[in-house]
Amino acid sequence: MRIDKYLWCIRIFKTRSIATEACKKGHIKINGASIKPSKEVFNNELLVIRKNQINYEIVVLDLPKSRVGAKLVDLYRKDVTPKEAFESQDLLKFSKDYYRKKGSGRPTKKDRRDIDNYSEE
C-alpha cells in the first residue's frame, strides 16, 4: 500500500492529497529516510510523522483494505510517540500566552518600546 493512502486510511490526515503534500514536503520518514508519496509501506516499519510541531512515531502493524473507523485505527498502527514530545508542545503553548491575551490586537507603541528595550539589554 502507498504511504499516502496508508496515512489517509488510518486517519492521520483528513484527505489523501494532504498526506501526499506532507510526503512531498519531507514531513514523513520511514526508518529515518524522507520518502515520496508512492513509497510502499510494509508491516513493522517505523514512521515518523511531523504534524502540528510534534514528531509522531508510529509502527505499522497491518495494512487496512480501505479507510477505517476511528475505533479500529489501533488494529493497524501502534503509537510509540514519547511523552516528551507532547510536553514540549504544552510548554510552547504556554510560552506564547504569557504576555498578551489572545485576541487583544496588535501591540501598542508602549508595548513595542518595551519589547525593543528588552531585546537591547
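The values are calculated or read from the model by the stated rules, or taken from the named source; none is laboratory data. Model, not experiment: these values are computed from the prediction. Every residue, glycine as well, gets a Cβ built from its backbone with ideal geometry; the counts of neighbours run over all protein chains shown.
Points to keep in mind about this one:
- Test: Pro64 is in contact with a Cys (Cβ under 7 Å, 6 or more places away or on another chain) and either within 16 Å of Arg77 (Cα to Cα) or touching a residue at least 40 places away in the same chain (Cβ under 8 Å) (or both): yes
- Matching residues in segment 1-28 - criterion: being farther than 12 Å from Ile49 by Cα and free of Cβ contacts under 8 Å to residues at least 60 places away in the same chain: Arg2, Lys5, Tyr6, Trp8, Lys14, Thr15, Arg16, Ser17, Ile18, Thr20, Glu21, Lys24
- Entry remark, segment 18-39: residues being in contact with a helix residue (DSSP H, G or I) (Cβ under 9 Å, 6 or more places away or on another chain) and loosely packed, with under 13 Cβ neighbours inside 10 Å number 2 in total.
- Residue within segment 75-92 that is in contact with a strand residue (DSSP E or B) (Cβ under 9 Å, 6 or more places away or on another chain), part of a strand (DSSP E or B) and surrounded by 17 or more Cβ atoms within 10 Å (Cβ to Cβ) present: yes
- Selection status of Asn31, at pLDDT below 90 and under 17 Å from Asp62 (Cα atoms): yes
- All conditions but one from (1) more than 14 Å from the chain's Cα centre (by Cα); (2) under 22 Å from Ser88 (Cα atoms); (3) at pLDDT 90 or above apply to Ser66; the one that does not is (2).
- Segment 1-15: number of residues that are of a type in the set (Ser, Thr, Tyr) and in a helix (DSSP H, G or I): 1
- The requirement of being in contact (Cβ under 8 Å) with a residue 60 or more places away in the chain, of a type in the set (A, V, I, L, M, F, W, C) and surrounded by 15 or more Cβ atoms within 10 Å (Cβ to Cβ) is not satisfied by Leu47.
- Scanning segment 50-74 for residues that are surrounded by 11 or more Cβ atoms within 10 Å (Cβ to Cβ) and of a type outside the set (Val, Ile, Thr) returns Arg50, Lys51, Asn55, Tyr56, Glu57, Leu61, Leu63, Pro64, Arg67, Leu72, Asp74.
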